[in-house]
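The values are calculated or read from the model by the stated rules, or taken from the named source; none is laboratory data. Computed from a predicted model, the values in this text were never measured in an experiment. All Cβ positions, even for glycine, are placed from backbone atoms using ideal geometry, and neighbour counts span all protein chains on display. Accessible surface areas use protein heavy atoms only, side chains included; no ligands, DNA or RNA. Shrake-Rupley method; radii C 1.70, N 1.55, O 1.52, S 1.80 Å.
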Amino acid sequence: MLLELKGITKLFDKDNGVRDFNLTVSEGEFITLLGPSGCGKTTTLNLIGGFLQPGRGEIRIEGRDITHLPPEKRPVSTVFQSYALFPHLNVLENVAYGIRFYRKEKKKQALSLAREYINIVRLEGYEKSKVGNLSGGQQQRVALARAMATNPKIMLLDEPLSNLDASLRHSLREELKSLQRQLGITMIFVTHDQSEALSLSDRIVVMDKGYAIQIGTPREIYFYPISDYVAGFIGKSNILTRVGETIMVRPEDIKMAKNAQGDYTISSIVFMGQHTEYIISAEDTTLEVVVVGKENNNFMQGDRVNVTISHQLGQMGNEDISLVPELK
Amino acid sequence: MQYSRNMALLKNKIIWKERGNKSPLSFDVLIDRIMLFLVVGSLLLFILYPIFMVISTSVYRHGVFSLDNYRDLLSPVNLKLIKNSLFVSTLSSVLGTFLALCIALYTFLQKERIGALIYRLLMTTLISPPFVSALALIMLFGRRGLITYNLLGLSVNPYGWQGIVLLQTLGLISLAAIMLISALNAIDKRLLLASRDLGASALQTLHRVILPSIYPAILSVLFLLFTINMADFGTPIIIGGKFKVLATEAYMTIFSAADLGKAAAMSVLLIPPAIIAFYFYRKNLEKNNSLADGVKALGGEGLDFRLPLFIRIALGTITGLFFFLMLLKYGNIFLSAVTINVSGKLTFTWKHIEAFQFAYLPAVYRSLSMAVIAGILASVIGILLSYYTHRRQLPLMKPIEFIASLPYIIPGIFFGLGYIVGFNNHPLLLTGTTAILVLNCTFRHISVGNKAANAAFENLDRRLEMAARDLGASPVRILTTVIFPLLKSTFLLSFINTFTACMTTVGAIIFLVSPRNVVASVLMFKDITNGHYGLGAVVASVLIIVTVAVNLVAIKYLGREGGKPYVA
């Protein structure tokens, strides 16, 4: 195991912090910590980075206890939210900073090594630019290069895409993923954006109120959420009671068929182009249904429909992850 | 994406021994501890200890604890002095605050460029050696005054309480107006728009929104002026004639009677108004901080806000008149340096400048080096103090920071006295050295750099330091490679303020100079009190020129560095 977090607890007050957090990360993995703001994900990152000391628990890298090492001695580096680039240094000097102080290279050698990393993130020609004059996407690349330049065993990324506009965020997400895949860098990524988490991660840690609620692959998290909180945070879900049993169903797993005597009435329609969201209601239940494609898209408000459920979200419980059947 | 090249370079190949198991007390950590110790230790020794010594001197007589010094203060003679002090200080503080408010309002309501110009002029008039106003008053409007006697043929007696009030009022208007303008600029401009939108006239808005918003600032200015005026001994000595005040008596007691206990008790009496001023100052700061949460970037451009014409004319006249008097003052100083007024005729002379050359150059040089060293030291200590208090959030630093702000509010005479009684014995024998002047000036002005650094740190993303540590820099490295480079403009700002204040100060250091370590501002004060007005004018001119020159160099450097600290 590259990284082991054993029973990490760090409480700021009654409601804030991280509680009994356990996680093992193997080399080359891309792990995402996902949760709403205040759930403890940045705290976890700061504990791994060494900016905070845990109240209890142990952090190991390659079996070696680093719990009490200060940040400047840990083999991890961080890409900070809003990047924290040094405004008084140019791009080259920013990237060289860690090579000088962490890898303890001479200044000249550090600057020439830094150029290599600048090439990797494709910022050739910007070496002498002040970081304040770069665009958001370019700053993000500088931050990435600066963090990589210390040759970290693990890179920590704190919402690195959140300051960018939507289209740039999308393309940088792709770049980050391919960078990670090709270089095999182990990354721990913090976000509150479920689509980032699903598209980037090998495994996702869903967090709430300081607890790691569920750890699993994106598919496991999406199709087998262990609680309605997880199901509600990643994607949408309907909660139904059927013969005394509560089940969860994704809106896209409900099929509607028009029927004049149907149980449900369509009460609202939101057309989103790619898909259409319907709210349908019977006497005591309201469901959200998502329909994709033009041919199924002929329902009107007030239509009566019957529904069939094609898949219900399974309770994972303690069952072995590998036993989960492959989904079509 | 093509990331494949340079892959070899990026293999995770960290070598543990590079960052081996150093003991927790590495060299850098040691330096960090030493710096912290120096900052805290020096603040305790050079601020808290002298203050404590003044109070302790005031309650001891002949080595025995007694309150006799205070009882003596209540004698009829002293009561008369206290009454005089209260009368003069109240009058000049109220007048000064009112006129400064008029100028501040006028500036606030001008177009941005004119407002900035007035503000800059006000800043320039801050560069004024003490008592040059008194000098100007005597030379222009005195018994043999250029205007009263030469032009109008009158012989006016400027001496007396009226002269004191006039000079104290005029002398502090620049400072007061600058503080009030800052308070006015902190008002969210949208409040004014909202007020107009809801049907209030401009005058009603002034009355109901603007003035209430800056009320704590007005009180703070009022008590600050009161504190400074109460402690002002120079103006009454020069222009008071037979009219004596408490501060003058304290000054005389130190110099003539050498009764330090009595002088200490007198200067303790000057403290309460200072504390009240400080209270309102803090309250004002808190208010500004709580208001500063929202967006207030909306500029005054395009904002239609016109007060009634007669008010605008009144405010404009006061502002114009003030600057006219300032022009007169500076003009007179430069003129007096090269002229002599013989029987109603002004004649050119090199006499004063020659006299200056022979005797005064070492003093000017000493002033300059003292102000430069104090400026650098005060700024560095102020920034470090802010760093340890607010950035590292070390325990017990908040009270230390409060101690550092004390010299800024207590009267100079008190702080000077503290150095006399505190450092006149082994092992802390500093009396008569240049060091004691530098220390006094330095620790009097820590607060300026400290406050500026606090503001700069608020705008500096904490993650910059986290990033630096993450990239392997030790705390000391972070200071030298991140904090200090980013606070360069804060440092310069603090340096300019401290330098200017030290070049022109008399209040605290006059008690600390001897012929061995005399500085220019004190020589000038003595020249004026002895009636050598021409020579005093030369010293004043030199002080003004040197100070302005250093300011210009620093401001130019500041401009090149981009002006204000980077906001992440």
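Within the set of pairs 6 or more residues apart or between chains, which connect a residue that is more than 12 Å from chain B (Cβ to nearest Cβ) inside segment A:54-77 to a residue that is part of a loop (DSSP other than H, G, I, E, B) with Cβ atoms less than 6 Å apart? Pairs that qualify, where the first residue is more than 12 Å from chain B (Cβ to nearest Cβ) and the partner is part of a loop (DSSP other than H, G, I, E, B), are A:58/A:67; A:59/A:66; A:59/A:67. Evaluated against (1) closer than 24 Å to residue B:331 by Cβ; (2) surrounded by fewer than 20 Cβ atoms within 10 Å (Cβ to Cβ); (3) in contact (Cβ under 8 Å) with a residue 60 or more places away in the chain; (4) among the small types (Gly, Ala, Ser), residue B:531 falls short on exactly one condition, (3).
Only one of the numbered conditions (1) within 13 Å of another protein chain (Cβ to nearest Cβ); (2) open to solvent by less than 10 Å² (accessible area, probe 1.4 Å) is not met by residue A:82, and that is (2).
Out of curiosity, is residue A:176 more than 9 Å from chain B (Cβ to nearest Cβ) and either within 21 Å of residue A:4 (Cβ to Cβ) or part of a loop (DSSP other than H, G, I, E, B) (or both)? In short, no. The set of residues in segment B:413-429 that are in contact with a Gly (Cβ under 9 Å, 6 or more places away or on another chain) and not in a helix (DSSP H, G or I) contains only B:428. Residue A:102 meets the conditions (1) free of Cβ contacts under 8 Å to residues at least 60 places away in the same chain; (2) among the hydroxyl-bearing types (Ser, Thr, Tyr); (3) open to solvent by 10 Å² or more (accessible area, probe 1.4 Å) in every case but one. The failed one is (3). Annotation note: of B:105, B:67, B:79, B:109, the sole residue that is under 29 Å from residue B:415 (Cβ atoms) and at pLDDT 85 or above is B:79. Mind checking which residues of segment B:431-486 are at negative phi, within 10 Å of chain A (Cβ to nearest Cβ) and not in a helix (DSSP H, G or I)? If the condition is that a residue be at negative phi, within 10 Å of chain A (Cβ to nearest Cβ) and not in a helix (DSSP H, G or I), then B:460, B:461, B:471, B:473, B:474 are the ones that fit. Of everything listed in (1) at the interface with chain B (Cβ under 8 Å from one of its Cβ atoms); (2) touching a residue at least 24 places away in the same chain (Cβ under 8 Å); (3) of a type in the set (A, V, I, L, M, F, W, C), the single unmet condition for residue A:51 is (2).
With a requirement of 2 or more residues that are surrounded by 20 or more Cβ atoms within 10 Å (Cβ to Cβ), the helices (runs of 4 or more DSSP H) lying completely within segment B:164-278 that satisfy it span B:215-231, B:234-239, B:246-252, B:260-269.
Restricting attention to segment B:65-79 and to residues that are hydroxyl-bearing (Ser, Thr, Tyr) and under 11 Å from residue B:261 (Cα atoms), the residue that is nearest to the chain's Cα centre (by Cα) turns out to be B:70. Are any residues in segment A:173-186 open to solvent by less than 10 Å² (accessible area, probe 1.4 Å) and farther than 21 Å from residue A:114 by Cβ, and if so, which ones? Selection gives A:186 alone. A single member of A:219, A:203, A:181, A:169 is among the basic types (Lys, Arg) and within 14 Å of chain B (Cβ to nearest Cβ), and it is A:181. Scanning segment A:127-166 for residues that are more than 9 Å from chain B (Cβ to nearest Cβ), touching a residue at least 24 places away in the same chain (Cβ under 8 Å), part of a helix (DSSP H, G or I) and of a type in the set (A, V, I, L, M, F, W, C) yields a total of 4. Looking at A:190, A:95, A:121 in this structure, which one is of a type in the set (Val, Ile, Thr), facing another protein chain (nearest Cβ under 9 Å), touching a Lys or Arg at 6+ places or on another chain (Cβ under 6 Å) and open to solvent by less than 50 Å² (accessible area, probe 1.4 Å)? Answer to the selection: A:121. Do we have residue B:54 as part of a helix (DSSP H, G or I) and either open to solvent by 20 Å² or more (accessible area, probe 1.4 Å) or farther than 28 Å from residue B:408 by Cβ (or both) here? Answer is no for this residue. Residues in segment A:1-30 that are part of a loop (DSSP other than H, G, I, E, B), surrounded by 14 or more Cβ atoms within 10 Å (Cβ to Cβ) and either touching a strand residue (DSSP E or B) at 6+ places or on another chain (Cβ under 7 Å) or modelled with pLDDT of 90 or more (or both): A:2, A:27, A:28, A:29. Of the residues making up segment B:85-96, those that are open to solvent by less than 10 Å² (accessible area, probe 1.4 Å) and of a type in the set (Ser, Thr, Tyr) are B:85, B:89, B:92, B:93. Counting residues in segment B:490-508 that are within 24 Å of the chain's Cα centre (by Cα), crowded, with 24+ Cβ neighbours inside 10 Å and more than 30 Å from residue B:362 (Cα to Cα) gives one or more. Of the set (1) without any contact (Cβ under 8 Å) to a residue 40 or more places away in the chain; (2) among the hydroxyl-bearing types (Ser, Thr, Tyr); (3) open to solvent by less than 10 Å² (accessible area, probe 1.4 Å), all apply to residue A:44 but (1).
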